[in-house]
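What follows is a short report on a single structure.
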Amino acid sequence: MASVSSVPLHDLAPLLLRRERQCSDIDVDLLADALRGGREVNRRRKLMVELVRRHPKAYHYIKLVQDQRIDDPRDQEELYVALGERLPLEVHRAMFIPTLENQADNGQQAKWLPLARGYKIIETTAVYDKETQTFILNSPTLTSRKWWPGGLGKTATHAIVHAKLQIDGDDEGVQAFIVHLRSLEDHSPLPGIELGDIGPKVRFKSLDNGYAVFRNVRIPRRNMLMKYAKVRKDGTFIKPKNSKLVYLTMTQVRAYLILKLSFVLGAATTITTRFSAARVQGKKVTSSDDMIKEYQVLDYQNQQHVLLPLLSLAYAANFAGRAITALHDDTLDLRSTRYLLV
């Protein structure tokens, strides 16, 4: 058998990886299905990954989704994960559209969802003016300004803004409003709206997190999402049966963050573990294996001590994330029942 010194470097790493994998009795396909939420889900995921591989310019995400007619949100998410980078429309896809689906009434969904899904729109107070049937948005203080929303810095043309609703001086709590931010002609901020990018961040540098300031911005009454809470033309406020419903989208995103952790941490630990298995360093004192005269980095206990807990955390976050996401989805299914609305 040839020694390791006679094996070309570009052949050594694949050889060591095959050798390491042959030592495992884990059913890789079964494990992959479990981690991805089932065999069918994993099959769809592989189709999305292959689609990205066939399109080197896959960062034209919107065009790819439209050309391939990828309508299922789950497939869109798998395609997004396969890209491996956060795009400016991340918040639009993950939060703007779900908020419309969860909180807009049927008429509002008919108007806004086709535009949102087609990516054609992408301590603040809202005071209702009965005479004009409009809401007047203001963010007069530093702390009332919207800060950090993804896609706000340069990309978004519309936003769902949460603001404190006030009618005849009465505070009716936080409600959600669709606000037109930028001109659809030249993309400039509309009158009364100040927009900007917050600058460099540690992560997600491709995502244009921004800020917004509103100064006497008027929007139509029907731009308030009214599936649960409602404001009639005469200013009568109809309370939702459960005020927590307005936070459903934020809860959804927070639940998914746990699952997203497993994807990101899993990718990092996979790369590091493979490298540790493929890299040799440190001559063995004795060895019956004529080919491998050096230790694989993965053989060192210090390396295992660092890697294996992180790998375990990635698995734990995957299963915990799916459980929390399922709990959230069950809550959505119950939102129209007495259990949630009383």
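In debye, nearest 20: dipole of the chain around its Cα centre with unit charges on the Cβ of K, R (+) and D, E (-)? Show your work: numbers first, answer last.
On the way: 50 positive and 38 negative charges, 76 e Å.
That gives a dipole near 360 debye.
Please get the size of the charge dipole for the range 121-240, origin at its Cα centre, with Cβ charges of +1 on Lys and Arg and -1 on Asp and Glu, quoted in debye to the nearest 20. Walk me through the numbers before you get to the answer.
Values: 18 positive and 13 negative charges, 83 e Å.
Result for the range 121-240 is approximately 400 debye, rounded to the nearest 20.
Roughly how many nanometres apart are two label points built 7 Å out from the Cα toward the Cβ at ILE238 and ALA316?
Taking the two extended label points, one gets 4.7 nm.
Please state, to two decimals, what the Cα-based radius of gyration of the range 179-233 comes to when divided by 2.2 N^0.38 Å (N = residues).
On the way: Rg = 15.1 Å, N = 55, 2.2 N^0.38 = 10.1 Å.
Output field value: 1.50.
Over the chain, what number does the Rg to Rh ratio reach, with both radii from the alpha-carbon atoms and Rh per Kirkwood?
We get a ratio of 1.09 for the chain.
Rg/Rh for the range 121-240: what does it come to with C-alpha atoms and Rh from Kirkwood? Provide the component values of the computation, followed by the final result.
On the way: Rg = 14.9 Å, Rh = 14.9 Å.
Rounded to two decimals, Rg/Rh equals 1.00.
Output the pairs from LYS146/LYS260; LYS260/LYS284; LYS46/LYS111; LYS63/LYS130 with a Cα-Cα distance over 31 Å in this structure; if there are none, say none. Could you put the intermediate results ahead of the total?
Details: LYS146/LYS260 25 Å; LYS260/LYS284 40 Å; LYS46/LYS111 34 Å; LYS63/LYS130 42 Å.
Correct reply: LYS260/LYS284; LYS46/LYS111; LYS63/LYS130.
Pop the C-beta distance of GLU77 and LYS283 into the FRET formula with R0 = 35 Å and round what comes out to the nearest 0.05.
Working: r = 47 Å, r/R0 = 1.36.
Efficiency for this residue pair is about 0.15.
Please rank VAL65, VAL253, fewest neighbouring Cβ atoms within 10 Å first, as an exposure proxy.
Details: VAL65 19, VAL253 15.
The order, fewest Cβ neighbours first, is VAL253, VAL65.
Give me the dipole magnitude in Debye, nearest 20, for the range 235-330 about the Cα centre, with unit charges on the beta carbon: positive for Lys and Arg, negative for Asp and Glu.
480 debye
A short reminder: the numbers here are calculations on the coordinates, not readings from a lab. The shown structure was predicted, so the numbers you read here are calculated from the model rather than taken from an experiment. In this analysis, Cβ positions are derived from the backbone assuming ideal geometry, glycine residues included, and neighbour counts consider all displayed protein chains.
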